[in-house]
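> I have a structure I would like to understand better, so I am pasting it below and will then ask my questions one at a time.
The values are calculated or read from the model by the stated rules, or taken from the named source; none is laboratory data. Predicted model only: the values in this text are computed from it and were never measured. All Cβ positions, even for glycine, are placed from backbone atoms using ideal geometry, and neighbour counts span all protein chains on display. The accessibility values were calculated without ligands, DNA or RNA, using every heavy atom of the protein model including side chains. Shrake-Rupley method; radii C 1.70, N 1.55, O 1.52, S 1.80 Å.
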Amino acid sequence: MHTLPKLPYDYNALEPYFDEATMRLHHTKHHQTYIDKLNAALEKHPELAGEPIEKLLADLNKIPDDIRTAVRNHGGGHANHTFWWPLLTPPKNQEPEPGGELKKLLDQAFGSFADFKKQFTEKALGNFGSGWTWLVDEGAGGELSIINTPNQDSPISQSLIPVLGLDVWEHAYYLKYQNRRPEYVEAFIHLINWPYIDQMLAS
Ligand code: MN3
């Protein structure tokens, strides 16, 4: 059975950028619903219930036909949100720019941190409808790149390693920002936990 991970901060800790009501709803309702629907689908194939979600998403072709879409959508939703929460940090703790190996990789791939922010923002604003914008690692000496995925599709299903993600579903920002996605993307940049990401890359 998959379960809802605890957040590493309080629901109000990301104010004023992400509001408490949105965080509470997003975590306890949206994320929980992906988990509930994933678990319901896996009940039909108990042999898969003990597998890590990343493993199920890595090769969707191996998932039985009758639950493949559910695993892709609800399993993807579970994996994406589980990956996302720890990428965020209360603004009072935030280091505003990446350092370490991550800074080097961003400079290599995009020229500078400022150019990375610009390109990531443009990609997120161009992500039509519901989906995610990602910084991904192609692995095996490949560079970092920025991609969009629709719905709850995970980069893992494209053999890409997610480094940073941004949920651009309206449920992530509509209460506070309504249709103003550019303000939401800017707010997100104030919350990114750069040292955590640098550490993740190193491990
Ligand atoms: Mn979401």
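> At 222 nm, what helix-only mean residue ellipticity would the chain give, in deg cm²/dmol to the nearest 500, using -39500 (n - 2.57) for each DSSP H run of four or more?
The helix-only estimate for the chain comes to -11500 deg cm²/dmol at 222 nm.
> Using DSSP to call loops (not H, G, I, E or B), can you name the chymotrypsin sites (Phe, Trp or Tyr not before Pro) in region 97-203 whose Cβ has at most 16 other Cβ atoms within 10 angstrom?
PHE128
> Further question: At q = 0.15, 0.21 Å⁻¹, what is the base-10 log of I(q)/I(0) for region 45-190 according to the Debye formula with one equal point scatterer per Cα and no solvent? Please give it to two decimals.
Rounded to two decimals, the profile gives -0.82, -1.38.
> Relative contact order of region 91-202: what whole-number percent is it, with Cα pairs under 8 angstrom and at least 6 residues apart?
The value is 32 percent.
> Given the protein chains as shown and a 1.4 Å probe, how many square angstrom of ARG24 are accessible, to the nearest 10?
That residue has around 110 Å² of solvent-accessible surface.
> At R0 = 25 Å, how high is the FRET efficiency between LEU201 and GLU43 if r is their beta carbon distance? Nearest 0.05 is fine.
0.10
> Excluding ligands, DNA and RNA, what is the solvent-accessible area per residue of the chain at a probe of 1.4 Å, expressed in Å²?
About 50 Å² of surface per residue is accessible.
> Related question: Given the pairs LYS6/LYS44; LYS37/LYS176; LYS44/LYS117; LYS29/LYS104, which span a C-alpha to C-alpha distance of over 32 angstrom in this model?
LYS44/LYS117; LYS29/LYS104
> Using a 1.4 Å probe on the protein heavy atoms, what percent of the accessible area of the chain belongs to carbon and sulfur?
Its accessible area is 52 percent carbon and sulfur atoms.
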